[in-house]
Amino acid sequence: MKKFADIVEQVKELSLQEKEDLHDILDHILADDRRKEILQNHKESLAELKSGKLKFSSNPEALLKAINKE
């Protein structure tokens with residue numbers, strides 16, 4: 001596996017168009033990874049809700065207490 005620094009050096013050698021194409025590809029990859037992360041968080045929240053671990057409150061003081069307990 002290549003080291004990050006080696007990859008950066010190779011990217012520097014690309015043409016401007018290749019760098020722009022790589023930028024677009026990375027943007028799509030990052031967006032997809034973020035969507036996967038959001039989906040995973042959603043699934044975990046649903047599991048916590050079903051198990052009774054997830055609690056809701058509109059009371060700011062109760063929310064602060066819950067945050068500080070963690």
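Restricting the search to segment 11-23, which residues are part of a helix (DSSP H, G or I) and surrounded by 10 or more Cβ atoms within 10 Å (Cβ to Cβ)?
Those that are part of a helix (DSSP H, G or I) and surrounded by 10 or more Cβ atoms within 10 Å (Cβ to Cβ): Val11, Glu18, Lys19, Glu20, Asp21, Leu22, His23.
Look through Glu48, Glu13, Glu37 and report the one residue that is modelled with pLDDT under 95 and charged (D, E, K, R).
Matching residue, one of Glu48, Glu13, Glu37: Glu48.
Among what's in segment 27-58 and is loosely packed, with under 10 Cβ neighbours inside 10 Å and hydroxyl-bearing (Ser, Thr, Tyr), pick the residue that is nearest to Lys69 (Cα to Cα).
Ser58
Taking the stated definitions as given, is Leu64 at pLDDT 90 or above and either out of contact with any Leu (no Cβ under 9 Å at 6 or more places or on another chain) or surrounded by 10 or more Cβ atoms within 10 Å (Cβ to Cβ) (or both)?
The answer is no for Leu64.
Considering only residues that are part of a helix (DSSP H, G or I) and among the hydroxyl-bearing types (Ser, Thr, Tyr), look in segment 31-58 and name the one that is farthest from the chain's Cα centre (by Cα).
Among residues in segment 31-58 that are part of a helix (DSSP H, G or I) and among the hydroxyl-bearing types (Ser, Thr, Tyr), the one farthest from the chain's Cα centre (by Cα) is Ser51.
The values are calculated or read from the model by the stated rules, or taken from the named source; none is laboratory data. Bear in mind that the values here come from a model prediction, so they are computed numbers and not experimental data. No Cβ is skipped: glycine too gets one built from the backbone with ideal geometry, and neighbour counts run over all protein chains shown.
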